[in-house]
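Since the structure comes first, as structure tokens, the remarks are kept for the end.
The values are calculated or read from the model by the stated rules, or taken from the named source; none is laboratory data. As the structure is a computational prediction, the values presented were derived from the model and not from experiment. Positions of Cβ are generated from backbone atoms using ideal geometry, with glycine treated the same way; all protein chains shown enter the neighbour counts.
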Amino acid sequence: MPLPILNNWLADIVFVPIIVHFSLALSSIIFDKDELKGYALWQIFLVCFSVSLLYEWILPATALYTKADIADVFAYFAGGLFYYCWHQKRFLRRFFIDRSVAEA
């Protein structure tokens, strides 16, 4: 049974943070772990803009099963702002605390 709020905007709010967090975690595995830094707000907003462009402009113009929604664009940017202001700082702090405990 679908939940309207969960299926509509909540999924769009968490979509960008999932993408950005996954890329940050992957870059910590691939690149130097000692120099792990978070993303700047403009980089996160660039991801939000790219996702908005793809899912709210390009795909609705080419596929019949998708529909453009301006509320989704706001949800992408709200999720990106949430990630920048809250989640990224906590993740980086925890990452470096866990590393310093493991090295001791």
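Show me the helices (runs of 4 or more DSSP H) entirely contained within the stretch 21-104 in which 2 or more residues are in contact with a helix residue (DSSP H, G or I) (Cβ under 7 Å, 6 or more places away or on another chain) and at pLDDT 90 or above. Once the helices (runs of 4 or more DSSP H) in the stretch 21-104 are filtered for at least 2 residues that are in contact with a helix residue (DSSP H, G or I) (Cβ under 7 Å, 6 or more places away or on another chain) and at pLDDT 90 or above, what remains is 41-53, 70-82.
Would you check which residues across the stretch 21-72 are of a type in the set (D, E, K, R) and surrounded by 11 or more Cβ atoms within 10 Å (Cβ to Cβ) and list them? Within the stretch 21-72, 33, 56, 69, 72 meet the criteria.
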